[in-house]
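Presented below is the structure to which this report refers.
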Amino acid sequence: MDKILRVNMSELNSRIETVPTTWAGLGGRGLTSTIVAAEVPPTCHPLGKNNKLVFAPGLLTGTAAANSGRLSAGAKSPLTGTIKESNAGGTAAQMLARLGIKALIIEGLPKEDKWYSLHVNKDGITIQEEKELVGKGNFAVIEAVEARLGKKTGILTIGPAGELKMAAANISVKDPDSKIRSHGRGGLGAVMGSKKIKFISIDDQGAPGVTVADPEKFKTAARTFAKALLDHPVSGEGLPTYGTNVLVNILNEAGGLPTRNFSSGQFVGAEKISGETMHDTIVARGGKPKHGCHAGCIIQCSQVYPDKEGKYKTSGFEYETIWGLGADCCIDDLDDIAEADNIMDDIGIDSIETAVMFGVAMEAGILPWGDGKGVVRMLREEIGHGTPLGRILGGGAGFVGKAYGITRVPVVKNQGIPAYDPRSVKGIGITYATSTMGADHTAGYTIATNILNVGGYVDPLKKEGQVELSRNLQIATAAVDSTGMCIFVAFPALDIPECLPALIDMINARFGINLTGDDVTNLGKHILKVERQFNIEAGFTNKHDRLPEFFNTEPVPPHNAVWDFTDEEIDAFWDF
């Protein structure tokens, strides 16, 4: 029987609740956003007692469905001031689902200046004071908790950045190999830090598991779905071979690779940091070019990147991180970027926001362009130790831009713009402008259709069709984020006719219901409207759905494209 676990940090107690009828058909993002919208005052301070931190596995998480092991985390964001959902792989989602936990809600602030840990098992939740691991990095926390509780323990943890409540702090999640995945964007690590929770451990021994109403129907649909993932050239070939970093050369060729703090669309050192180079380096050093972020992942777009001596350096070496520190900061040494990625995992800070921030910092003259060693030093010595400069840098790109008087600051709703230049890939610009959570490429990944020709083709340099493309993808993504599925299932879903019906069939078989494609679309629309209403009540208007003005006035080479959408064209996004 599904249940809600509610933890009150003010009273240091917890209780188990039945799932309200209105929440029964929700999971993942749909549930976190619904709970935050219902229970968090939109105008509250994100680090105050009235904000709540919510974790929810997806509708299919804990089943045998391929790529269904994602966990959603939600709160009011300290970075943007908007509603926020961030999802991650790792082991926690499937363990919570097997325990029958529909959502974990953490509210209130401790009355004393003490740190705590939470332990979740089949009997509920235990709150304990934590002294030993305060101030430690995430790798040390995972090692210590595994030593205390066993290697199979699920772990959610914050590093020093979260303890210091930096606006770019993330929540780290242990994966099956004791490596780190991240609830990266929006500063949710600061929310967990404000509640003085260093880590959450999960033990699913004796868990009731996930029941499936129609096992045979589920098994048939799951086979069809998995086949679609493996048959698609992106999810079945490109991502497993080169990881997400396959996009460096593709975007560089398209002139959409933001370079030198978004002043150009191409990077002369692109080949040195490309997915192809990364793959060859990993193989030559004896690393793993394919790796799953959670059990049941068959795309395997992660990897294990070793140093020159063949020792572990980082895992989940993603395009966005490599682009941000690479092209955007003009660093062309993969080893420097990998070292920085390792430190960001350890101190618990978003590698997208921080990479975009360093581009702004270099624009400000804090570091020279291309100074990979300087980035590593500042991460380790400044941000990691919370020095005055480190606290400014840990506040994200917008904060650094204000502190140093920089006018080219690529943020929307104060969240750093990732990975793609919206002037030369216009569809993603609509997503950045209108996303309920600040600039977020995963909210409506138009790169699929603008660049990769998945789901058709919409010319990235023309305005026609971009608003509709972004709208349709944002609606679909909100629904997919509620299932516990990896966002990369969108590639076959857009191209292979059997894929999406198989996903819906799995949901129906899991719960014994009869959802249609229209029902799933309506769920996505409902989630977006709930999130938008929260933002409106928090003080956001359509005027916040805009890109920074330099995109309108500074043409980006090589196409010399500008952002040329009118306010009315952008606002039409919400006509549904």
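Overview of results
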quantity	calculated
In order through segment 460-476: 3J(HN,Hα) via Karplus (6.51 cos²θ - 1.76 cosθ + 1.60), integer Hz, x for Gly, Pro	x, 8, 10, 6, 4, x, 6, 5, 5, 4, 4, 4, 4, 6, 5, 5, 5
Label-point gap, in nm, between A295 and E253 - each point 7 angstrom along Cα→Cβ	4.0
Distant-in-sequence amide H partners of Q415 (H built 1.01 Å from N, under 5 Å)	A439
Hz values of 3J(HN,Hα) by residue in segment 172-178 - Karplus curve (6.51, -1.76, 1.60), Gly and Pro given as x	9, 10, 5, 9, x, 9, 6
Cβ-based charge dipole, the chain, positive-most Cα from T407, Q205, I142	Q205
Distant alpha-carbon pairs in segment 327-430 (separation over 16 angstrom), percent	55
Per principal axis, descending, Cα span of segment 369-466 in whole Å	49, 25, 21
Kirkwood-type radius of segment 266-334, with distances r between different C-alpha atoms, in Å	12.5
Antiparallel %, DSSP beta bridges [both residues in the chain], to 5	80
Reduced Cα scattering model of the chain, Debye log10 I(q)/I(0), q = 0.07, 0.09, 0.11 Å⁻¹	-0.35, -0.60, -0.95
Virtual spin-label span in nm between N542 and R15, 7 Å along Cα→Cβ	4.4
Förster radius 22 Å - calculated FRET efficiency between R148 and S178 (Cβ-Cβ, nearest 0.05)	0.95
Label point 7 Å beyond Cα of K311 along Cβ direction - residues of segment 324-340 with amide nitrogen under 14 Å	339
Order by protection proxy (mean Cβ within 10 Å, highest first), peptides 391-404, 125-138	391-404, 125-138
Carbon/sulfur fraction of accessible area - segment 186-309, other protein chains in place, 1.4 Å, %	53
Backbone HN-Hα couplings from phi across segment 215-221 [Karplus 6.51/-1.76/1.60, Hz, Gly and Pro as x]	x, 5, 4, 5, 4, 5, 5
Pair T126, L230: separation of 7 Å Cα→Cβ label points (nm)	4.2
Anisotropy class of segment 434-576 from Cα gyration tensor, a/c 1.5 cut	oblate
For segment 349-393, the spread of Cα positions along each principal axis, largest first, Å	23, 17, 16
Volume per residue of the C-alpha convex hull in segment 12-138, rounded to whole Å³	130
Convex hull volume per residue in cubic angstrom - Cα atoms of segment 58-202	107
Translational D in µm²/s for segment 63-138 (Stokes-Einstein at 25 °C, 0.890 mPa s, Kirkwood Rh from C-alpha pairs)	163
Segment 95-224: relative contact order in percent, alpha carbon pairs under 8 Å with at least 6 residues between	32
For the chain, calculated [θ]222 nm from helices alone, where every DSSP H run of n ≥ 4 adds -39500 (n - 2.57)	-10500 deg cm²/dmol
When each of K114/K179; K49/K288; K49/K136; K174/K227; K311/K426; K195/K272 is checked by Cα-Cα distance, pairs over 32 Å	K49/K288; K311/K426; K195/K272
Percent RCO, i.e. relative contact order, over segment 75-144, from Cα pairs under 8 Å lying at least 6 residues apart	16
The chain, relative contact order [Cα under 8 Å, separation at least 6], %	16
Amide N proximity, segment 58-93 versus K529 label position 7 Å along Cα-to-Cβ, cut-off under 15 Å	none
Protein accessible area in segment 332-471, 1.4 Å probe - carbon and sulfur %	50
Gyration tensor (Cα) of segment 154-302, equivalent ellipsoid semi-axes in angstrom	31, 27, 15
Charge sum, other residues only, whose C-beta stays under 10 Å from V248's C-beta, Lys/Arg counted +1 and Asp/Glu -1	-2
Compactness index (Cα Rg / 2.2 N^0.38 Å), segment 247-294	1.37
Sites K219 and A24 - FRET efficiency at Förster radius 25 Å, r taken between beta-carbons, to 0.05	0.55
The chain, accessible area per residue, ligands and nucleic acids excluded (1.4 Å, Å²)	35
Square roots of five times the Cα gyration tensor eigenvalues for segment 440-486, Å	20, 11, 8
Förster radius 30 Å - calculated FRET efficiency between R285 and L389 (Cβ-Cβ, nearest 0.05)	0.30
Rh by Kirkwood over Cα pairs, then Stokes-Einstein D for segment 465-510 at 0.692 mPa s and 37 °C, µm²/s	291
Whole-Å distance, taken between Cα centres, linking segment 481-537 and segment 273-331	30
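The values are calculated or read from the model by the stated rules, or taken from the named source; none is laboratory data. Here the structure is a predicted model, which is why all the values come from computation and not from measurement. So basically every Cβ, Gly included, is an ideal-geometry build from the backbone, and we count neighbours across all protein chains shown. Calculation scope for accessible area: heavy atoms of the full protein, side chains included, ligands and nucleic acids excluded. Shrake-Rupley method; radii C 1.70, N 1.55, O 1.52, S 1.80 Å.
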